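Beneath this line is the structure, given in structure tokens, with notes to follow.
Just so you know, all these numbers are worked out from the coordinates, no wet-lab data involved. Keep in mind it's a predicted model, so treat the numbers as computed, not measured. Neighbour counts run over all protein chains shown; Cβ positions are idealised from the backbone, glycine included.
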Amino acid sequence: MTMPFAGGIDANANATLTFSLVAAVIYAFTLGMPPTLARSAAKTLAVAMLAVLSALQGGPLLLVVALALSAIGDAFLSRDGEKAFLGGLASFLVAHIVYIVLFLHVGGGLGLLGAESWRGAIALALAVFVIVMLAALWRRVGPSLRIPIACYVVAILAMGMAALTTNSTWVIGGAVLFMASDGLLATEKFLVAAISPHRGWMRFAVWVLYYAAQLAITLGFLLG
């Protein structure tokens, strides 16, 4: 069996990646169940193990920090209630800021967005997507959530723009998947009726897109 890192499946890096993938699959199959400690642990460990993998492989410190903050955000979002949601939002907000710094550090500068048409086209599409989502959410969320959500939306758009300055298709793809996941999460949480039959598949899609995003960004740095 071919593994992404040297040493076969017994190597620490490959074992850690496998552990992460298993945790992600376990969480995916428990999405419809009530919040439990075991369910929260699976969700948290999926991305926490990517942070460990990055540290083991000598990845950038900012990557390790962003993944660790994301895992903390996952722990918050695995629970119910507005306080848990705000805790998750804050964790991911800081994680996105760290990602922005990381991507801009390794990227070729924001001038690339104007110099290369395909980057500019993706950047424009991301901006339109974010504006539409924010306009839709503004009317549906409570006043206490509007400013936190607006700050988060600005941060994730900046993260996507920063990713477009890199030369890694893995990182760019991961950023786009991250934004798609967040857009679908916001739709499921705030825009779709509580009794909608679509909520089940939407939650599953949110998790698949989100985990794929974090995995793509991680491997983009470790294997690129």
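Tell me whether the chain comes out rounded, prolate or oblate; compute the Cα gyration tensor, take square roots of the eigenvalues as a ≥ b ≥ c, and use a/c under 1.5 as the rounded threshold.
Oblate, since a/c reaches 1.5 and b/c is not below a/b.
With a point put 7 Å past each Cα toward its Cβ, work out how far residue 84 is from residue 61 in nm, to one decimal.
3.4 nm
With springs connecting C-alpha atoms under 10 Å apart, model the chain as a Gaussian network and identify which of 59, 107, 142 has the largest mean-square fluctuation.
142
Between the alpha-carbon centers of the stretch 146-224 and the stretch 2-19, tell me the distance in whole angstrom.
26 Å
With 10 angstrom as the radius, rank 188, 116, 82 by how many other C-beta atoms surround their C-beta, starting from the fewest.
In order of increasing Cβ crowding within 10 Å: 82, 116, 188.
Which of 46, 13, 71 moves most in a GNM of the chain, Cα contacts under 10 Å?
In the Gaussian network model the winner is 13.
List 79, 39 from most exposed to least, where exposure is judged by having the fewest other Cβ atoms within 10 Å.
Listed from fewest to most nearby Cβ atoms, that is 79, 39.
For residue 205 and residue 38, what does the FRET efficiency come to when R0 = 35 Å and r is the distance between their Cβ atoms, rounded to the nearest 0.05?
0.95
Stokes-Einstein at 4 °C, 1.567 mPa s, Kirkwood radius from Cα pairs: D for the stretch 74-177 in µm² s⁻¹?
It diffuses with D of about 89 µm²/s by this estimate.
Please give the charge dipole size of the stretch 1-135, origin at the Cα centre, charges +1 on K and R Cβ atoms and -1 on D and E Cβ atoms. Round to the nearest 20 debye.
The dipole magnitude comes to about 140 debye.
How much length is gained if the chain between residue 2 and residue 169 is pulled fully straight, taking 0.36 nm per residue apart and subtracting their Cα-Cα distance, in nm to one decimal?
57.9 nm
Under a point spin-label approximation (7 Å from Cα along Cα-to-Cβ), what is the residue 31-residue 118 distance to one decimal in nm?
Here the answer is 3.0 nm between the modelled labels.
Given contacts defined as C-alpha pairs under 8 Å and at least six residues apart, what's the relative contact order of the chain, whole-number percent?
19 percent
Out of 200, 88, 173, any idea which swings most in a Gaussian network model of the chain, alpha carbons joined below 10 Å?
200
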